[in-house]
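What follows is a set of notes on a single structure, which appears directly below.
The values are calculated or read from the model by the stated rules, or taken from the named source; none is laboratory data. These numbers come from a predicted model, not from an experiment. All Cβ positions, even for glycine, are placed from backbone atoms using ideal geometry, and neighbour counts span all protein chains on display. Surface accessibility is based on the protein's heavy atoms, side chains included, excluding ligands, DNA and RNA. Shrake-Rupley method; radii C 1.70, N 1.55, O 1.52, S 1.80 Å.
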Amino acid sequence: MDIIRFDDMESLSAHAAELVAEIARNAVTDREAFTLALAGGSTPVRMYEMLADADIAWDKGHIFFSDERCVKPDHDHSNFRMANEALLSRIEVPALRVHRIKAAGYAVGLDAGGYEFEIRNIFKYNNLDEDGAYPFDCILLGMGADGHTASLFPGSDALRTSGQLVTAVPEGVGDPPVARITMTLPLINMARNVVFMINGKKKNEILESIKADAEAAGRRFPAALVRPQGNLLWLAAS
Ligand code: 6PG
């Protein structure tokens, strides 16, 4: 677990954008493709704007989402809408390479299963799966002030899925308290690189508790349960 601290979000975002671009370039060199999962929320917006100007072969990429709220893709609360405005609408990427979580909200379990099938299918079709694992080249994550990440909230059943790569989260938790679809910890922890982007006092306090005692923190904060087989990097602005 590495931590890099920044004075402000502008410098954190610039570093994160170049890091993701480097990961993507290396993946294309090694496997002629890269797989990237975008975080939701508001923290990544500036980084996505910078990523749109980075040197990346988007025609070799497959862009997924770590989680999505079950709202329409043009809704204010949609993670897809945020990423589309900041990044996707500003890059030359084939539409078939952008894998939006289609979460209509009335059959979230089916939506989750459908997204899991899409991940498995894309990895297998491009020979990117490895011994039954689906290792993303980079999964971007944020963290809430309660220590949630993606849509994995404290105490949620979604933390205890067995075998699922994607799962549904019922409405009533989180902000907004809508139903959600989320990558699970087993899938996140298969990643070659997981990069958290956080800012603010409360989130930095949680990061300090994870750094001090990840096991104890893991009993309180789902973000502390992210322990990928690859690299784990926390980018933190004060
Ligand atoms: C979501 C996000 C979530 C987000 C954190 C931090 O759908 O809510 O995926 O995990 O990353 O809540 O959100 P902010 O960046 O807005 O603080």
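Some points to look at:
- Largest first, the three principal axis extents of the alpha carbons in the range 47-173 are 40, 38, 27 Å in whole numbers.
- With the simple model of a label 7 Å out from the Cα in the direction of the Cβ, Asp7 to His75 spans 4.0 nm.
- Contour minus Cα-Cα distance for Asp55 and Asn127 (0.36 nm per residue): 23.5 nm
- Sorting Lys203, Lys72, Lys102, Lys60 by solvent-accessible area of protein heavy atoms yields Lys72, Lys102, Lys60, Lys203, largest first, with a 1.4 Å probe.
- Label separation (Ala212 vs Arg97): 4.5 nm, computed from points 7 Å beyond Cα along the C-beta direction.
- 25 °C / 0.890 mPa s Stokes-Einstein diffusion coefficient of the chain, Kirkwood radius on C-alpha pairs, µm²/s: 139
- Apolar share of the accessible surface for the range 111-150: 48 percent from carbon plus sulfur atoms, 1.4 Å probe.
- Average Cα contact separation per residue, the range 180-231, under 8 Å, 6 or more apart, as relative contact order %: 53
- The count of lysine pairs in the chain with alpha-carbon distances below 16 Å, taking only pairs 8 or more places apart or on different chains, stands at 5.
- Residue-by-residue Karplus 3J(HN,Hα) for the range 17-31, coefficients 6.51, -1.76, 1.60, Hz, glycine and proline x: 5, 5, 5, 5, 4, 5, 4, 5, 4, 5, 5, 5, 4, 7, 10
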